[in-house]
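> Submitted below is the structure of interest, expressed as structure tokens.
The values are calculated or read from the model by the stated rules, or taken from the named source; none is laboratory data. Just so you know, these numbers come straight off a predicted model, no measurement behind them. Using ideal geometry, Cβ is built from the backbone for each residue, glycine included, and neighbour counts are taken over all protein chains shown.
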Amino acid sequence: MNPLLWLINALSFIALLSLFRIIAGPTHFDRLIGLNLMVAITTAIIVVMAVYYNHLVYLDVALVYAILGFVSVIAISKYLTGRELHR
């Protein structure tokens, strides 16, 4: 089996552990950290798939997904702290 497939499987397992933190997190901030980790792992899986399948379009998808994940985590954290988004 290709080492990249092993890496995709390992990252998928870690994503499942992160999903457990999202579901069972005692606080909202634990869930937010789990969500941030899930976005990073999913981005890494997309990049590894781009290398494995040799499709450069997946790298663009991974970049957009990472940017959207970053912006959403910032927006959710500002919402949870009670601050306004436009400041």
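> For the range 36-53, give me each residue that is closer than 14 Å to Gly69 by Cα and either in contact (Cβ under 8 Å) with a residue 60 or more places away in the chain or among the β-branched types (Val, Ile, Thr) (or both).
Those that are closer than 14 Å to Gly69 by Cα and either in contact (Cβ under 8 Å) with a residue 60 or more places away in the chain or among the β-branched types (Val, Ile, Thr) (or both): Val39, Ile41, Thr42, Thr43, Ile46.
> Can we say Ile74 is surrounded by 13 or more Cβ atoms within 10 Å (Cβ to Cβ), part of a helix (DSSP H, G or I) and of a type in the set (Val, Ile, Thr)?
Against the criterion (surrounded by 13 or more Cβ atoms within 10 Å (Cβ to Cβ), part of a helix (DSSP H, G or I) and of a type in the set (Val, Ile, Thr)), Ile74 does not qualify.
> Looking at Ile41, is it in contact with a Lys or Arg (Cβ under 8 Å, 6 or more places away or on another chain) and closer than 22 Å to Ala75 by Cβ?
Spelling it out, it is not the case that Ile41 is in contact with a Lys or Arg (Cβ under 8 Å, 6 or more places away or on another chain) and closer than 22 Å to Ala75 by Cβ.
> Out of all the residues in the range 6-41, which are in a helix (DSSP H, G or I), among the hydroxyl-bearing types (Ser, Thr, Tyr) and either exposed (fewer than 15 other Cβ atoms within 10 Å of the Cβ) or modelled with pLDDT of 95 or more (or both)? First the steps, then the outcome.
From the range 6-41, those in a helix (DSSP H, G or I) are 6-24, 28-41; that's our starting set.
Restricting the remaining residues to those that are among the hydroxyl-bearing types (Ser, Thr, Tyr) gives 12, 18.
Residue satisfying the conditions is Ser12 alone.
> Considering each of Tyr58, Tyr79 in turn, give the residue that is loosely packed, with under 15 Cβ neighbours inside 10 Å, of a type in the set (Phe, Trp, Tyr) and part of a helix (DSSP H, G or I). Don't jump to the end; show me each part of the working.
Values: Tyr58 fails: loosely packed, with under 15 Cβ neighbours inside 10 Å.
Only one candidate passes the filter, namely Tyr79.
> What are the pairs with Cβ atoms under 7 angstrom where one residue, in the range 15-28, is within 21 Å of Ile45 (Cα to Cα) and touching a residue at least 24 places away in the same chain (Cβ under 8 Å) and the other, located anywhere, is in a helix (DSSP H, G or I) and among the polar types (S, T, N, Q)? Sequence gap at least six, or different chains.
Every condition considered, the pairs that remain are Ala15/Thr42.
> Separate question: I'm trying to understand the selection: among the residues of the range 42-55, which are within 16 Å of Leu5 (Cβ to Cβ) and either within 8 Å of the chain's Cα centre (by Cα) or part of a helix (DSSP H, G or I) (or both)?
Correct list: Ala44, Ile45, Ile46, Val47, Val48, Met49, Ala50, Val51, Tyr52, Tyr53.
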